[in-house]
Amino acid sequence: MKDLPKVREFHSPVWNEPIIMEMGRKGERGILIPETEEEIKAIVGEAESYIPEKMRRKDMPKLPEVGQPQVLRHFLHLSQMCLGMETNIDAEGTATMKYSPKVNEALVRSPEMAELHPLQDEDTVQGILEIIHKLDLFLREISGLDQFTFQPPGGSMATFTHANVLRAYHAEKGEAEQRNEVVTTIFSHPCNAATSATAGFKVITLMPAKDGYPDFDALKAAISERTAGLMITNPEDTGIYNPRIKEFTDVVHEAGGLCFYDQANANGILGITRAKEAGFDACHFNLHKTFSSPHGSFGPGCAAYGVRKDLAKYLPKPVVTKHGDKYHLDYDRPDSIGKVREFHGNIPAVSRAYSWIMSLGAEGLLEVARTSVLNNNYLTKILEEIKGTTRYYAQGQYRLEQERWSWEKLTEETGVGTQDIQRRVVDYGLQSFFMSHHPWIVPEPFTPEFCESYSIDDIEYWCAVLQKISDEAYSDPDLVKSSPHRSPIHLVKYEDTDNPDTWAITWRAYLKKRGK
Amino acid sequence: MKTKKKLGLIVNPIAGMGGRVGLKGSDGPEILERAKELGARPESSKRTIDALKRLTHIREDIELVTYPHDMGENEAMACNLSPRVIGKIKKGKTSDQDTRNAAEEMLRGEVDLLLFTGGDGTARDIYSVIGDKLPALGIPSGVKIHSAVYGASPGKAGELAALYLSGNTYEVRLTEAEVMDIDEQAFREDRLSARLFGFLKVPYVKRMLQCAKAGGCAGEQDALNAIGADVINNMEADCFYIIGTGTTTRAVMEALDLNHTLLGVDAVFNGELVGSDLNEAELFEIVEGNKAKIVVGVIGSQGYIFGRGNQQISAKVINNVKKDNIIVVATMEKIATLGGAPLLVDTGDEKLDIDLSGYKQVITGLGERVMLKVEA
């Protein structure tokens, strides 16, 4: 076993911070705005008079009333109690938590970018339209497909966009009723199944064959004249690349279906394989994963969705086009599925991705993939030596950028499960790792991913923490099971969060459910 | 003061003795003697201890109630669990009657969970007394276990019991699991015959359905309702539907608002119940010359869709209905209990078993299917 670095002691600040709704007092203000001078008031009237009568609210909003320093203190306390992406080693698999270079942030925060308005005339936004168009061209090169949209604000929205394109495609052929089944695999991202169902398709899921590869015979058995398409991830969450992928897409095409490649996380294959050569008709990339924009839960995320030429007419509108030296927003698209997001999507994410690709070039993108695969396989060498870990499937085979591991053996021997370890890593100042999508086919799962931005020291340190927790599980399992002990919040009872009668997403719900 | 949770423990000291010496099962005194002559060693005790070790950390929060000597007392003492010992037995000469007596007392004593060590026979004995009145969980020690009421290993059974007793309702819920009963005489003659005897309420870890990332998730009942809705949405007119045994097919009958025979086979025609708890001859009479489909569930942990727990749906009946008219239903939770193993058929008709083999779409929800392999 390799000598791993010494694990540093850690303790999070514990502020016992109240909820902001519980802070301050009536009348307390952060900013006191001076009264309007009488002579100005006489000319412009009351500010309220500018709001139409029927739009004025009758009651004051129930906002917290808190002074400026108290607000600042509150949110700084909260930030100190978070293990932010840039304060620790965040190896959360499938999410590709790579470092986002600050120069790209400076770009999107520049006034030229930040003050853009989506309703500006296209003549005044030629610069940003050029960036959108050029990123489209880059992604065409990276995927081999023919046109991209940046409207979907997240991966699931991109797969939903595809499900709608899929329906539009079959509807045009008069086969929308007949072709109502989408085939996916259990280790593909769950949104492939979920968004197909949302769009009204039946979903047929393939289980892995014994070796962990998607089961080709099961695919053949699932395909019929009812097949609308295949929606699949490759490599799947297991990190295993399906080398027969072209056979998969061929079988679906022969049956008249379309093939969609979920490339939310394309970190292991950038510059190595392309959707087109694997036989796909459409794909998406999460710019907030592979292309280094920060993540954001339908906030600042962006999924680029691309299709082959004959499907481009279905893309959400508008699309950016170029005529001569001028860029346009083309709304005149009668076959478009419509809009999936207001305006043009999250343009800051587009700008960061553009800047990131420009800084790396084609060779740099290939180096990203190579480094992330190398990092993952270096991680493997250390992890398989840690007592209690198990590798699932494809024994002896290399994985790409991530792998689904199991603590099954450790659980069997000590009673400590992956959720216990996931909480315990926080005691060492590490972000909880990603366990698995559901259902848990691999028992006691965990899915680390060290993309290209982590160093060898980072990987070894992360492993040292896991090594230490494994030792603890064998010597003092209760210590791990009752963790975390050094984080801002200790072991919580999950029951309340799982019960619709007690959970509260808003302050109003909290007051109501507790009879206040 | 916090009330202690009451854990009942019943060990069948002779369960599993036949296995190591090549006998199939240990039911009946002659077989037991034969097993002992062949050098069989008690397996139950060690397996029980392996499970109880996982409960030592909640020692202060539970009261362990058990039977004397090798029916639980010894094992509890070995793990420092200070048991309250009830009942009387003849040391070294226990029988299935002792198991039932013990279960009777546990039921009277209203234990929060009844943990028992044994095999299919033990589960059957326990079930015959407690039915669905007490939550129970098996520590596996039988030769060949067909019931789904056992932990995957003794350690896992102990772990699950500890989670359940600690009141962790986030991770642990109760579900109905099959008690299967094997005819051991037939089994020793290399004929396998098992029937569904009933369902025990057992704790299970909700992990397969947890949605830590999504927040909030459908429970087992929602999944069952969705399966029921899917099946009835696709029901054809003027077609007989043969509804098999078990809890998943019950969801179909509930969706139709019809009475269901949990351990038997019913028939539905145009949304009406046309036969309850039918035997093979009655089923054959229904399907012969008529348009018919069969709806069956999957036996938990085992994967059987035909040949275990639903022998009424015989090869003769299936051959008449035809392969394409078989509808298999199962929750993802249940599929996960198979650990990647295929679905199994054992109709007694080799040709039919081979014909039924291959890939099958299993209904797992409304508009949701999983491709699973069927093997003979």
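The values are calculated or read from the model by the stated rules, or taken from the named source; none is laboratory data. Bear in mind that the values here come from a model prediction, so they are computed numbers and not experimental data. All Cβ positions, even for glycine, are placed from backbone atoms using ideal geometry, and neighbour counts span all protein chains on display.
Here are the numbers:
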quantity: Enumerated helices (runs of 4 or more DSSP H) restricted to segment A:110-183, each holding at least 2 residues that are polar (S, T, N, Q); calculated: A:126-143, A:155-172
quantity: Single unsatisfied condition, B:Leu366 versus (1) under 23 Å from the mean Cα position of the chain (by Cα); (2) within 14 Å of chain A (Cβ to nearest Cβ); calculated: (1)
quantity: Test: residue in segment A:342-364 that is out of contact with any helix residue (DSSP H, G or I) (no Cβ under 9 Å at 6 or more places or on another chain), more than 22 Å from A:Ala95 (Cα to Cα) and assigned to a loop (DSSP other than H, G, I, E, B); calculated: yes
quantity: Residue that is touching a helix residue (DSSP H, G or I) at 6+ places or on another chain (Cβ under 7 Å), under 30 Å from A:Asn192 (Cα atoms) and away from chain B (no Cβ under 14 Å), where the choices are A:Pro448, A:Pro443; calculated: A:Pro448
quantity: Any hit, segment B:96-107, residues being in contact (Cβ under 8 Å) with a residue 40 or more places away in the chain and not in a helix (DSSP H, G or I); calculated: no
quantity: Considering residues of segment B:148-164 that are closer than 21 Å to B:Phe199 by Cα and among the hydrophobic types (A, V, I, L, M, F, W, C) only, the residue modelled with the lowest pLDDT; calculated: B:Ala152
quantity: Filtered residues of segment A:93-106 (kept if out of contact with any Pro (no Cβ under 8 Å at 6 or more places or on another chain) and crowded, with 19+ Cβ neighbours inside 10 Å); calculated: A:Thr94, A:Ala95, A:Thr96, A:Met97, A:Lys98, A:Asn104
quantity: Contacts under 7 angstrom Cβ, first residue in segment B:123-143 being of a type in the set (Phe, Trp, Tyr), partner not in a helix (DSSP H, G or I), 6 or more apart; calculated: B:Tyr127/B:Val179; B:Tyr127/B:Phe197; B:Tyr127/B:Gly198; B:Tyr127/B:Leu200
quantity: Where A:Ser188 falls short, out of the listed (1) of a type in the set (Ser, Thr, Tyr); (2) within 25 Å of A:Asn286 (Cα to Cα); (3) surrounded by fewer than 20 Cβ atoms within 10 Å (Cβ to Cβ); calculated: (3)
quantity: Top-ranked residue of segment B:321-348 - restricted to ones that are in contact with a Ser or Thr (Cβ under 8 Å, 6 or more places away or on another chain) and without any contact (Cβ under 8 Å) to a residue 60 or more places away in the chain, ranked as nearest to the other protein chains (Cβ to nearest Cβ); calculated: B:Ile335
quantity: Single residue of segment B:299-320 satisfying the filter (in contact with a Gly (Cβ under 8 Å, 6 or more places away or on another chain) and in a loop (DSSP other than H, G, I, E, B)) that is nearest to the other protein chains (Cβ to nearest Cβ); calculated: B:Ile299
quantity: Test: A:Trp356 is at pLDDT 95 or above and under 25 Å from A:Ile469 (Cβ atoms); calculated: no
quantity: Residue match in segment A:438-448 (condition: out of contact with any Cys (no Cβ under 9 Å at 6 or more places or on another chain), within 22 Å of A:Thr205 (Cβ to Cβ) and surrounded by fewer than 21 Cβ atoms within 10 Å (Cβ to Cβ)); calculated: yes
quantity: Leading residue by the ranking (nearest to the other protein chains (Cβ to nearest Cβ)) among those in segment A:486-503 that are under 21 Å from A:Met81 (Cα atoms), surrounded by 14 or more Cβ atoms within 10 Å (Cβ to Cβ) and not basic (Lys, Arg); calculated: A:Tyr494
quantity: Sole residue being of a type in the set (S, T, N, Q), surrounded by fewer than 20 Cβ atoms within 10 Å (Cβ to Cβ) and more than 15 Å from A:Ala91 (Cα to Cα), chosen from A:Thr390, A:Thr414, A:Thr371; calculated: A:Thr390
quantity: Residues within segment A:216-252 that are of a type in the set (Asp, Glu), part of a loop (DSSP other than H, G, I, E, B) and over 27 Å from the mean Cα position of the chain (by Cα), tallied; calculated: 1
quantity: In segment B:290-304, the residues that are more than 16 Å from B:Arg250 (Cβ to Cβ) and either in contact with a strand residue (DSSP E or B) (Cβ under 6 Å, 6 or more places away or on another chain) or not assigned by TED's automatic domain parsing to the domain that holds B:Gly340 (or both); calculated: B:Asn290, B:Ala292, B:Lys293, B:Gly303, B:Tyr304
quantity: Residue satisfying all of: in segment B:349-359; at pLDDT 90 or above, surrounded by fewer than 19 Cβ atoms within 10 Å (Cβ to Cβ) and part of a helix (DSSP H, G or I); farthest from the other protein chains (Cβ to nearest Cβ) among these; calculated: B:Lys351
quantity: Filtered residue count, segment B:232-274, keeping only those that are part of a loop (DSSP other than H, G, I, E, B) and either surrounded by 15 or more Cβ atoms within 10 Å (Cβ to Cβ) or of a type in the set (Gly, Ala, Ser) (or both); calculated: 13
